[in-house]
Each structure stands twice: as structure tokens, then as C-alpha cells.
Amino acid sequence: MPFSGKTKPSVVGYLLHQGLLAQFDTMVSAALLVVLCTLPSLAHAACLSTRRAPEMDRACRDFDNSLHEVGSKWRVHCMDCTCSASGIHCCDVLPTSISFPDDCKEVYDEANCNRYAVRKDDPSIKCRIIGGIGK
């Protein structure tokens, strides 16, 4: 049915009339869902996995040669790790790098799993972090 009258219909009015708005809304929702489902995987940008040794029946051996039961979780070298039937999976809890002003330097505090920047000429003054890559 064509539009009649002196005023031109709006784009939304035309799409509603043609039944296309529901299809457009569905496509936008699907695209948004794909983006949102991708974000959690980007949050753990630095992860690694290793296979469990065949002779290890119910445990995994980590990088420090410590044993962990299947199903357990732990933190080592600022990485959150899990032991599963297939092996060990670990992800960084910190960004892999940070951006800061040129008059600053990066400090990595492994004991507290923290990464920050301080002034080069006065390390007692913390610098503003501009951005980070990874977690």
C-alpha cells in the first residue's frame, strides 16, 4: 500500500509499514550478542594451556613443579590457573603492558600482582596510566 498525503513518511514509519523494522531489530540484536560474547575472551588476552601428563591420573604439575588436583584453582606468577582432565589452563591477572607519560617508568610488583608507573626522577610519585593491553 503506497503512502499518501502531503508529508513524507519517516524512515521508521516506512520500515514499520513494510514489516522490516522487526527484521532490522533482530539483526542489530544478533550483532550485539556476537560482540558481547567476544568481549570476555578479549579480557584474558594472555592465556596458555598445557596438556596433563598421561601418567598423572588425578593431578597436574605446574611450572613450579607443584602438584594440583583436577578441579583445583590457584594463582602462580600473577596467573590464575586451573587443573582439568585435559591439563592446566592459566591466564594473566594483569595487563601485559601499560601506557604512561614519557617521564615515567613501569614498576612490576609480582608479590601483589600489580603493575604501575612512577616518575623516573622521583620514584615516590606515581604516574597516571593512560591505557593497558590485556586484562
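The values are calculated or read from the model by the stated rules, or taken from the named source; none is laboratory data. Computed from a prediction, not measured in an experiment: that's the story for all the values here. Cβ placement follows ideal geometry from the backbone for every residue including glycine, while neighbour counts extend to all protein chains displayed. For accessibility, only protein heavy atoms count, side chains too; no ligands or nucleic acids. Shrake-Rupley method; radii C 1.70, N 1.55, O 1.52, S 1.80 Å.
To keep it simple, each residue is scored yes or no on (1) open to solvent by 80 Å² or more (accessible area, probe 1.4 Å); (2) farther than 21 Å from R75 by Cα.
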| residue | (1), (2) |
| --- | --- |
| P95 | no, no |
| D103 | no, yes |
| E106 | no, yes |
| C113 | no, no |
| D121 | yes, yes |
| K126 | yes, yes |
The stretch 80-95: number of residues that are modelled with pLDDT of 90 or more and part of a strand (DSSP E or B):
9
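Residues are listed down the side, and each one gets a yes or a no for (1) modelled with pLDDT of 90 or more; (2) out of contact with any Cys (no Cβ under 8 Å at 6 or more places or on another chain); (3) assigned to a strand (DSSP E or B):
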{"site": "P40", "(1), (2), (3)": "no, yes, no"}
{"site": "A45", "(1), (2), (3)": "no, yes, no"}
{"site": "H68", "(1), (2), (3)": "yes, no, yes"}
{"site": "S97", "(1), (2), (3)": "no, yes, yes"}
Taking the stretch 67-92 on its own, how many of its residues are in contact with a strand residue (DSSP E or B) (Cβ under 9 Å, 6 or more places away or on another chain), open to solvent by 30 Å² or more (accessible area, probe 1.4 Å) and of a type in the set (A, V, I, L, M)?
2
Looking at the stretch 51-66, which of the residues that are open to solvent by less than 50 Å² (accessible area, probe 1.4 Å) and either not small (G, A, S) or not in a loop (DSSP other than H, G, I, E, B) (or both) is nearest to I130 (Cα to Cα)?
D62
